[in-house]
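What follows is one structure encoded as structure tokens, with my remarks underneath.
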Amino acid sequence: MTPSEKSTPAPLPGPPPAWLADYQLEFTKAIRAPLDRSKGTLRSVAADKQGSLVQQISSGPMLGAAERLAVYNRQYWCRLFSVMQSEYPLVSRLVGYWFFNELAAQFLLKHPPCTADIQEAADGFFAFLQDTLLNSLVQPQRMIERRLVVQAAAVDEAFREAFRAPVERAYEPSAADAAKLGTAQLHMRRGFTIIEQSYPLVQLRKALSVDTSESPPPLPEKLKATEHWLIGRAPSGALQLQLEETQAKLYHLCIHMPVGEALARLESAVTKGDRSGLPSRVRVWLAQSVKLGLWSSIE
Amino acid sequence: MPSDLSRNAIGVGLRTVHYAYLFEHWPQVDYFEVISENFMGDAERPRKNLMRVKERYPIVLHGVGLNLLGAEPLSHAYLDRLCKLIDWVDAPFVTDHLCWTGAHGFSHHDLLPVPYALDLMEWAAERAKYVQEYIGRPFGIENLSSYLELKQSTMTEWEFYSGVVNKAGCYFMLDINNIYVSSQNHGFSPNDYLSAIDFSRVLQVHLAGYTREPQGNLIDTHDHPVSDEVWSLYQAAWKCGGPFPTLLEWDAEIPPLPNLIAEAQKALTVRA
């Protein structure tokens, strides 16, 4: 029997027993109750507050009813913390797991997971950090600038996008395209992001990926000049390529306007000295972007 | 009973950390099991990886998000995506859990317990029957490790489980480690559980390792080798109702693939 050889489907199942939704609502409240951090460990206090549900649970050979419920409360949060840490490895290592879990808990309380894909539980965390993290993070013996945390989240988000993007063919230019390139609009392929960083965060993320220690790394020094990176997909995994500032500007402009207009804007933005060599550099950068598969289509 | 996979087959749960070794060495394994939800999205990379695997090995699908016992209606969007994946990998069978995983619009990403009550058993069987007919493949339901029991229950877990499977006309996805974990946590005999199973309807058996917490209770962590007690129980199950496809799951502190395969193949010795 294959899906294409389905028999007449069974009738749609009827409604559940009347008590089921109430039971699951009580259980949901109990497992989503935040863990207590006041004693330096993550402790379940949900069972203390869920009297009616605890009353429905039998004591076991090793744990009482409340302790048995607490297993699920801890498991709920620890599983989600683990997913959040793996989706945002740079942020979690930079700020430390203890502090990261607090940020993650605040986010998950506001945005509880609603889909079957557990990795989607982290969707929106970057925007949440941008919106809610208003000041530097003061931690014992160090202070982490807000900008550093948000930039680190942007790096993690770019890698998430690279790994999660759907299949999309890369644009392959034809001879006919050359004639219309000036008025054409390029569309960036899903899975690619151009980021700016004032700290060496892409490099730090790479270094941390092979560092098995759990302690926060030393905070990175601020760079002398802002760096631009292209993060995206490559046949062998993730692409992380440093771009020249003008190259990054060209790609940004091409995302938002026709190529001809982008080139004119770029020319007016560079210094007089740089202007003479610009056309040949632009040709190299555009060719490189096509080779990297940065674009999905042209219209 | 589906015939595409040998009843003696031994497989392992495929996780992303295995790809590097797998794609270089292509070791001898009878089949792999993958988590359905990891491949139901549009992301390119997981599908490319699975494409390479499915060219060489049979693949069975194991879900964690069907929400069979959730009070909300079954999600047809979920089932449709699952059907596409089933067709794509040509899965000989599909499994998920006898539990709920979300409610009231939330997805909890955990396998949560219910009271074992007659009205719930009948409703669960209707849902399981519907799922099996919708997906058009043999559908196996897995017993879960549980950490609490509810006073509202009017029957044992194995009576509930057998009732759902028999009434739905679907199959058991029997997790031996889960039987052992729950038996320790709740104080029942795992052999009583096994003796209630109709092995002619066992699609597959799972093995895994657990963790014992300081208070003595067991958690189904899938981060240790299979315990001696679970191997003994597996041996009893094999004597009672073998052969059946056997799969080792390992989800944390995952050893290199050759070690994982070697651990799974201990089943051959235990069966002898």
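Bear in mind these aren't lab numbers, they're just calculated from the coordinates by the rules spelled out. Note that the structure is a prediction, hence the values are computed from the model and not measured. Don't worry about glycine lacking a Cβ; one is built from the backbone with ideal geometry, like all the others, and counts go over all protein chains shown.
From the Kirkwood radius over Cα pairs of the stretch B:10-271, Stokes-Einstein at 37 °C and 0.692 mPa s returns a whole-number translational diffusion coefficient of 175 µm²/s.
Each of A:270, A:33, A:225 was scored by the projection of its Cα onto the charge dipole of the protein assembly as shown, and the greatest displacement toward the positive side belongs to A:270; charges sit on the C-beta of Lys, Arg, Asp and Glu. Under 5 Å between amide hydrogens, built in the peptide plane, is the criterion, and for residue B:30 it picks out B:10 among residues at least 5 positions away or on other chains. Counting only residues at least eight positions apart within a chain, or on another chain, the aspartates and glutamates with an alpha carbon under 17 Å from that of residue A:180 are A:172, A:261, A:299. Take each residue in B:142-154, count the other chain C-beta atoms within 10 Å of its C-beta, and the mean is 4. In plain terms, the residue of B:231, A:98 with the fewest other Cβ atoms within 10 Å comes first and the most crowded comes last, giving A:98, B:231.
For chain B, averaging the sequence separation of C-alpha pairs within contact (under 8 Å, six or more residues apart) and dividing by the residue count gives a relative contact order of 19 percent. Along its principal axes, chain A has C-alpha extents of 80, 66, 31 angstrom, given from the largest down.
Bridgeable lysines around residue B:266 (alpha carbons under 30 Å apart, same-chain partners fewer than 8 residues away excluded): B:54, B:239.
Structural descriptor for the stretch A:69-126: relative contact order 38 percent, calculated from alpha carbon pairs under 8 angstrom and at least 6 residues apart. Cross-link check: pairs A:291/B:84; A:291/B:48; A:29/B:151; A:39/A:206; A:249/A:291 evaluated at a Cα-Cα cut-off of 29 Å; pairs beyond the cut-off: A:291/B:84; A:39/A:206. Calculated on the alpha-carbon coordinates, the convex hull of the protein assembly as shown measures out at 174 cubic angstrom per residue.
Residue by residue along A:19-27, Cβ atoms of other protein chains within 10 Å of the local Cβ number 6 on average.
With the convex hull drawn around the C-alpha atoms of the stretch B:138-263, the volume per residue stands at 113 Å³.
Compared with the alpha-carbon gap, the fully stretched path from residue A:236 to residue A:198 is longer by 10.9 nm at 0.36 nm per residue.
Could you tally the net charge around residue B:75, taking each other residue with its Cβ under 15 Å from the Cβ of residue B:75, Lys/Arg +1 and Asp/Glu -1?
Values: positive: B:81, B:84, B:127; negative: A:117, A:120, B:37, B:72, B:80, B:96.
It works out to a net charge of -3.
Neighbour counts of other Cβ atoms within 10 Å put A:271, B:156 in the fewest-to-most order A:271, B:156. Annotation: the residues B:64, A:202, sorted from fewest to most other C-beta atoms within 10 Å of their own C-beta, follow the order B:64, A:202.
Measuring between their Cα centroids, the stretch B:164-197 and the stretch A:184-210 lie 49 Å from each other.
Of all lysines in the structure, those lying under 22 Å Cα to Cα from residue B:167, and not within fewer than 8 positions of it along the same chain, are A:6, B:129. Cα centroids of the stretch A:59-112 and the stretch B:12-74: 25 Å apart. Amide H to amide H distances under 5 Å link residue B:108 with B:102, B:103, where only residues 5 or more positions off or on other chains count and H is placed in the peptide plane. Considering only B:91, B:66, B:139, the residue lying farthest towards the positive end of the dipole of chain B is B:91, judged by Cα position with unit charges set on Cβ. For the stretch A:63-169, the equivalent ellipsoid derived from the alpha-carbon gyration tensor has semi-axes of 25, 21, 11 Å in decreasing order. Quick check: the distance between the Cα centres of the stretch B:104-134 and the stretch A:116-176, to the nearest angstrom? Taking the Cα centre of the stretch A:116-176 as reference, the centre of the stretch B:104-134 is 36 Å away.
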